[in-house]
Every structure is written in C-alpha cells, then in structure tokens.
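Undergrad: Structure in structure tokens, see below.
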Amino acid sequence: MVFKKKIVTVGKSSIVRKQVEKKVSPRAASRNNRPAPPVVEEKPVIRTKGVPQVLRGMKDVLPAEQKFWRQIRHTAEDLAEAYGFERIETPILESTPLFVRSVGVQTDVVEKEMFSFIDRGGDNVTLRPEGTAPVVRSYINHGMFSLPQPVKLYYLGPMFRYERPQQGRFRQHNQFGVEVFGDENPVLDAEIMLLAHLFYRGIGVSSVVHVNSLGCSDCRPRYREELVAYYRSKRSQLCEDCKRRISKNPLRLLDCKEDGCSALKEEAPQILDSLDEACKEHLMKVLEYLDDLQVPYVLDPHLVRGFDYYTRTVFELLPEEGETKTALGGGGRYDGLVEQLGGRPTPACGFGIGLERAILQMKSQEIEPSQNDTPDVFLAQLGDNARRKAFVLFEELRVAGIRLAGNFTKGSLKSQLEIANRLGARYTVILGQQEVIDGTILVRDMESGMQEIVDSKKAVSELKKKIGRG
RNA sequence: GUGGCCAUGGUGUAAUGGUUAACACAGCAGGUUGUGGUCCUGCUAAUACGGGUUCGAUUCCCGUUGGCCACCCCA
C-alpha cells in the first residue's frame, strides 16, 4: 500500500501526464495503482517544454564547491586507511526487503522515506537509504566471515531518502561510513567513535559524542516493557506525538521536547538501570577507552536511534559549538544484524556521517578548505601559428610537472593576461608571431611586470628554475 | 507526511494592474597596432509553469513545481 503510493508520487514529479480526449481525473486514474486494464486514456509524456529542473531535494555539486568535497574525501580516506579500514563500494540500488528486514518495518525510514519502485522485471527495489545494510549483505554474500576478523570496511557514497528537504537534509546525500565485523570487543566501539571525532577534527570542526547503550536482546525488551507500562499510566499527560510513540517507538518518548512530556521523563525508568551485567560492563569499557583517547563525550541515557538493528552502544555526533541539534553523524553496535539477514552470528558496529552536514558546519564556522591550485605558469598565445605551437608547449610543460593554466581560444593578449591575473599565476608565457619566428618565448613575471626572452628549447628548464622546482 | 513563508537576468536586489521591468556584481567586447590588477564605455541576460479575473497581469486569485523554515524523523 505504502509502496504503491510512492510510485505515483515519484512519477508525477518527472512526467507530465497528457490527457487525451476524455478527461479522466488524474487522481482517479492513479488510484488504480496496477494499470492492469488500462482504461485510462492518458500516457506519460516526457516534458518537452521549459527547462528541465533538478529533482526536489537533489543538488548539483558545482566546481565552486569541489574544494570542500576534495578535502572531505581526502580526510575520510586517509583517516580510515590509517586505522586499517579497507574501502568497499556497494550498489546504490538494492532489493527492498534488505532494508525492510534490517532497518525495521516500523521505522520512519522504511514506512515513508524510501525511494522504492518496481523494476522492469517486477522486482521491488530501493535506492539505498543507509549504508550499513548493504555492507552487511556484502559481508555475508562474500563469506567475509572466513577472513581474519575483525573485518574493517569503509565507504563513501550517496544515500537516498524521500523526505521534505530543508537545511542539511536532502533526498540524495552523501555519507562516509565505517563498519567493523566479527568482534564484540568494546575497544572497537571506541575506535569508531574516535574515528568519527577525528574526521571532524580533520576538517576543523569540534564535535562531541553522545553515547548510550540500548542493551542486548535480553535486557532491552525488559526495559521497553517497563517504559511502556510507565507511560501508559501517564498517557493523559502526553502530547499527541508521544501517544503514538508509546506503541510505535517507545524509546523516543525520552527525547520529546514538549514540556509535559519532558517533565515525565524525570520519573521514567532509565535504560542504564535495566542493562544486564554484560551490557553494563561493555558500556563501561567503551567509556573507559573514550577517556583514554580523550574523545569528548557525554553519556546521554535518552539517546535513541531510528533503526531497529542497534544493540548495546549507540552514539551520535553533535557539533561542540552552536545550538544545532541536527546530528553530524551517528552509529552504534548491531550484534544481531548479520544473523538476522541470514549470515552467521557476527557482532559488528559502525557509523555514518552526513557529508553535506559536514560541509555545512565548515561553512557556518567559516572554515576555508585548504587548496593550492594556483598555477605557476599561464600560457598565452597570439595568432594561428602561435596557437599551434602553444598547444604542443602546454603538454611539454605539463609533463615536466609545472602547474599550468592556459587559453587557446581568446584572441587578445589583454584578455589572456586578465585570466592569468585572476588565476593568480606567477608567470605568463607569451607566445606570439614574433616568438614563433625567433624560436623563443616571452616570460612575464606577473608580480613585477618584468619580461624576459627565453630560447624555446630551454623553456622547460628555465621555467622550472624560476618557480624553484628545477 | 503536517503547518508557515517565498519564487524577477548567472548571483544579490528594486519596481509597477497600462509604453523600452531598474540597479549592483559576474560574463563578454572595446578604450588604436601584442600586455593584467584600478578606471571608463557598450553589450548579453529575468518576471518558475499552467489556468482564472481584467480592455490589459510580472503585479490580484487558484493549481502545479521548486526553495526556505518549523514539526515528524534523520545524516
């Protein structure tokens, strides 16, 4: 039901339905979700008028933005690899049941936020809304349990959720994530939190880890019952949302911001009190390691996460400064998921970090990504013969390792010097008719304006000397 | 999914129920022959889409699409 509705919505945004003759209400038409007997005389037509627009909640990453992305990617890759994680790339499209079974039928992501559709073969498929389930699937499919454990993997890539876009929230966004399989040692929980923290430090953003434990399959259900019993008795004092939460997602009751509800949580049973010994011990160890590593954290007994597969440790990364409550990343342990998806019982944990949100943080804190792409040399040419020479010279200089920019289309020297200036080139090499005849090039120092004639055979060596790399 | 605000050149803004929709920045071309950063001149370029009201709509109304914000939830 939910699913069928989705198809219609998705279709509407990209296709204009052209009505032929008889006017059939499009609404009525879309209600026959299975177009088995195509009574409806309308056919989808690709929109031919107007300029095609980017889809809602999706974004072009333009050249001006790339410096942020470059830095983010490098930081993530260097860090993950330094800690022994290996890269994995899984498909963007997966079978819908993978997410339904892992994330949970009851969750918002599965109930209303998946980009799902029936493919031409009749399979129900989904653009991945999160990164963990696909990696788990891959771990099982490729028998990675027979590799030396723990298996440590990381990924960078796009995720999709059919949501209403707003600040820091898109229908397509990118995540940096890591997953560790095959060991339940709390040192691993601490390690991934450290990694998340270090990633943000690497791009100049301070973060705090909020940690909680949800217990295991033994102690969590017990707690859940206690909590539900408590809130049932106070039902009349709850807000509308929370009344729904009692049956749907009781743990969420604990972080409602309504005055009435947050007053009630003072008296509410605490999950930390109902953890069994092993879970308590595990959490304590995690916190000890965090102390050792000097990762700033707060123990937040009200922290809950949106996916069903978490056990024991859960955490979220929040910015240290500012009132932003949107998480920069989050994750936790999911000791039951591999088995739940049909693999051997395998403990595991991981996190996902929203890269658009990382960039947002950088911008709001006015952190400029480091970049040194100013060219050493700009190559300008004048006239047809010179252009042909310049084309060849450009390649010689590039191969010689000179950071180079150039232009082969502008006619006037003036406009080429303007470009050279804008790019911040230290030298401009000028190649005109006269130089071609003389077999020379003209090297202009953009700072001083001094110019020097150089034998074109010595162009590479002279330029290398000038820029101090010869 | 719910609620609120909004939509004018590439960007940021202005204006109007009635002639060529204004300004700044950016872009492009010039300011004698092949020389940048400043300055001057010119040019390019916009009322998101579809209906309605009206003699006339960019302006008012409705719908669609999209953006922003809050909620739900999340990265």
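Undergrad: Which ones in segment A:274-300 are farther than 19 Å from A:Asp218 by Cα and in a helix (DSSP H, G or I)? So that I can check it myself, show each step before the final result.
TA: Residues of segment A:274-300 farther than 19 Å from A:Asp218 by Cα: A:285-300.
Answer for segment A:274-300, where residues must be farther than 19 Å from A:Asp218 by Cα and in a helix (DSSP H, G or I): A:Lys285, A:Val286, A:Leu287, A:Glu288, A:Tyr289, A:Leu290, A:Asp291, A:Asp292, A:Leu293.
Undergrad: Another question about this same structure. Determine which member of the set A:Ala425, A:Ala400 is touching a residue at least 24 places away in the same chain (Cβ under 8 Å) and within 13 Å of RNA strand B (Cβ to nearest atom). Please lay out each step first, then the result.
TA: Numbers: A:Ala400 fails: within 13 Å of RNA strand B (Cβ to nearest atom).
Answer to the selection: A:Ala425.
Undergrad: For A:Ser262, all conditions in the list (1) of a type in the set (Ser, Thr, Tyr); (2) over 14 Å from A:Pro301 (Cα atoms); (3) more than 26 Å from the chain's Cα centre (by Cα) hold save one; what is the number of the exception?
TA: That leaves (2) as the condition not met.
Undergrad: Output the residues belonging to segment A:317-350 that are over 19 Å from A:Arg220 (Cα atoms) and of a type in the set (D, E, K, R).
TA: Once the filter is applied, which keeps residues that are over 19 Å from A:Arg220 (Cα atoms) and of a type in the set (D, E, K, R), segment A:317-350 yields A:Glu320, A:Glu321, A:Glu323, A:Lys325, A:Arg344.
Undergrad: Does A:Gln434 satisfy the criteria of being within 30 Å of A:Pro158 (Cα to Cα) and either part of a loop (DSSP other than H, G, I, E, B) or not small (Gly, Ala, Ser) (or both)? Let's see the steps before the verdict.
TA: Details: within 30 Å of A:Pro158 (Cα to Cα): no; either part of a loop (DSSP other than H, G, I, E, B) or not small (Gly, Ala, Ser) (or both): yes.
In short, no.
Undergrad: Would you point out which residue out of A:Lys389, A:Lys363 is within 30 Å of A:Met193 (Cβ to Cβ), at pLDDT below 95 and of a type outside the set (Phe, Trp, Tyr)? So that I can check it myself, show each step before the final result.
TA: Numbers: A:Lys389 fails: within 30 Å of A:Met193 (Cβ to Cβ).
Answer to the check: A:Lys363.
Undergrad: With respect to A:Asp438, is the statement that it is among the acidic types (Asp, Glu), surrounded by 12 or more Cβ atoms within 10 Å (Cβ to Cβ) and either within 16 Å of A:Phe394 (Cα to Cα) or near RNA strand B (Cβ under 8 Å from one of its atoms) (or both) true? Full working, then the answer.
TA: Values: among the acidic types (Asp, Glu): yes; surrounded by 12 or more Cβ atoms within 10 Å (Cβ to Cβ): yes; either within 16 Å of A:Phe394 (Cα to Cα) or near RNA strand B (Cβ under 8 Å from one of its atoms) (or both): no.
No.
Undergrad: Among the residues of segment A:403-422, write down those that are modelled with pLDDT of 90 or more, out of contact with any Lys or Arg (no Cβ under 7 Å at 6 or more places or on another chain) and more than 8 Å from RNA strand B (Cβ to nearest atom).
TA: Residues satisfying the conditions are A:Arg403, A:Ala405, A:Gly406.
Undergrad: When both residues are 6+ apart or on different chains and their Cβ atoms are under 9 Å apart, which pairs have a first residue that lies in segment A:441-470 and is over 17 Å from A:Ala390 (Cα atoms), and a second that is of a type in the set (Phe, Trp, Tyr)?
TA: Going by the 9 Å Cβ cut-off, the qualifying pairs are A:Asp445/A:Tyr427; A:Met446/A:Phe378; A:Met446/A:Tyr427; A:Lys466/A:Tyr427; A:Ile467/A:Tyr427.
Undergrad: Okay, next question. List the number of the failed condition for A:Leu303; all other conditions in (1) assigned to a loop (DSSP other than H, G, I, E, B); (2) free of Cβ contacts under 8 Å to residues at least 60 places away in the same chain hold.
TA: (2)
Undergrad: Return yes or no: is A:Leu417 under 23 Å from A:Glu447 (Cα atoms), touching a residue at least 24 places away in the same chain (Cβ under 8 Å) and surrounded by fewer than 20 Cβ atoms within 10 Å (Cβ to Cβ)?
TA: On the way: under 23 Å from A:Glu447 (Cα atoms): yes; touching a residue at least 24 places away in the same chain (Cβ under 8 Å): yes; surrounded by fewer than 20 Cβ atoms within 10 Å (Cβ to Cβ): yes.
It is true that A:Leu417 is under 23 Å from A:Glu447 (Cα atoms), touching a residue at least 24 places away in the same chain (Cβ under 8 Å) and surrounded by fewer than 20 Cβ atoms within 10 Å (Cβ to Cβ).
Undergrad: Do we find a residue being over 21 Å from A:Val178 (Cβ atoms), at pLDDT 95 or above, among the acidic types (Asp, Glu) and more than 25 Å from the chain's Cα centre (by Cα) anywhere in segment A:326-343?
TA: No, because not a single residue in segment A:326-343 is over 21 Å from A:Val178 (Cβ atoms), at pLDDT 95 or above, among the acidic types (Asp, Glu) and more than 25 Å from the chain's Cα centre (by Cα).
Condition check ((1) surrounded by fewer than 22 Cβ atoms within 10 Å (Cβ to Cβ); (2) of a type in the set (A, V, I, L, M); (3) away from RNA strand B (no atom under 14 Å from the Cβ)) across all residues:
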site: A:Val314; (1), (2), (3): no, yes, no
site: A:Gly330; (1), (2), (3): no, no, no
site: A:Gly336; (1), (2), (3): yes, no, yes
site: A:Leu341; (1), (2), (3): yes, yes, yes
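Yes or no, residue by residue, for (1) at pLDDT 90 or above; (2) surrounded by fewer than 10 Cβ atoms within 10 Å (Cβ to Cβ):
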residue: A:Glu41; (1), (2): no, no
residue: A:Val45; (1), (2): no, no
residue: A:Lys49; (1), (2): no, yes
residue: A:Val61; (1), (2): yes, no
residue: A:Asp78; (1), (2): yes, no
residue: A:Tyr83; (1), (2): yes, no
residue: A:Glu86; (1), (2): yes, no
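Undergrad: Could I ask something else about it? Considering every residue within segment A:264-275, establish whether at least one is without any contact (Cβ under 8 Å) to a residue 40 or more places away in the chain and of a type in the set (Val, Ile, Thr). Spell out how you get there, then give the answer.
TA: From segment A:264-275, those without any contact (Cβ under 8 Å) to a residue 40 or more places away in the chain are A:264-267, A:270, A:273; that's our starting set.
Subsequent filtering for residues that are of a type in the set (Val, Ile, Thr) retains none.
Checking segment A:264-275: not a single residue is without any contact (Cβ under 8 Å) to a residue 40 or more places away in the chain and of a type in the set (Val, Ile, Thr).
Undergrad: Another question, if that's okay. Mind telling me which of the residues A:Pro129, A:Pro134, A:Pro165 ends up being buried (at least 21 other Cβ atoms within 10 Å of the Cβ), over 20 Å from A:Arg87 (Cβ atoms) and within 16 Å of RNA strand B (Cβ to nearest atom)?
TA: Numbers: A:Pro134 fails: over 20 Å from A:Arg87 (Cβ atoms); A:Pro165 fails: buried (at least 21 other Cβ atoms within 10 Å of the Cβ).
Of A:Pro129, A:Pro134, A:Pro165, the one residue that is buried (at least 21 other Cβ atoms within 10 Å of the Cβ), over 20 Å from A:Arg87 (Cβ atoms) and within 16 Å of RNA strand B (Cβ to nearest atom) is A:Pro129.
Undergrad: Could you identify the single residue in A:Ser461, A:Ser456, A:Ser448 that is farther than 19 Å from A:Asp373 by Cβ and near RNA strand B (Cβ under 8 Å from one of its atoms)?
TA: On the way: A:Ser461 fails: near RNA strand B (Cβ under 8 Å from one of its atoms); A:Ser456 fails: near RNA strand B (Cβ under 8 Å from one of its atoms).
Among A:Ser461, A:Ser456, A:Ser448, only A:Ser448 is farther than 19 Å from A:Asp373 by Cβ and near RNA strand B (Cβ under 8 Å from one of its atoms).
Undergrad: Follow-up. List every residue pair whose Cβ atoms sit under 9 Å apart, with the two residues 6 or more apart in sequence or on different chains, where the first one lies in segment A:158-175 and is among the small types (Gly, Ala, Ser) and the second, anywhere, is assigned to a loop (DSSP other than H, G, I, E, B) and within 6 Å of RNA strand B (Cβ to nearest atom).
TA: Listed by first residue and then by second, the contacts come to A:Gly168/A:Thr326.
Undergrad: Considering only residues of segment A:152-162 that are in a strand (DSSP E or B) and in contact with a Phe, Trp or Tyr (Cβ under 7 Å, 6 or more places away or on another chain), which is surrounded by the most Cβ atoms within 10 Å (Cβ to Cβ)? Show your work before the answer.
TA: Within segment A:152-162, the subset in a strand (DSSP E or B) is A:152-160.
Of the ones still in play, those that are also in contact with a Phe, Trp or Tyr (Cβ under 7 Å, 6 or more places away or on another chain) are A:152-154, A:156, A:160.
Working: A:Lys152: 21, A:Leu153: 24, A:Tyr154: 26, A:Leu156: 19, A:Phe160: 22.
The residue in question is A:Tyr154.
The values are calculated or read from the model by the stated rules, or taken from the named source; none is laboratory data. What you see is a predicted model, and the numbers here were worked out from it, not measured in a lab. Reconstructed Cβ throughout: ideal geometry from the backbone, glycine too, with neighbour counts over all protein chains shown.
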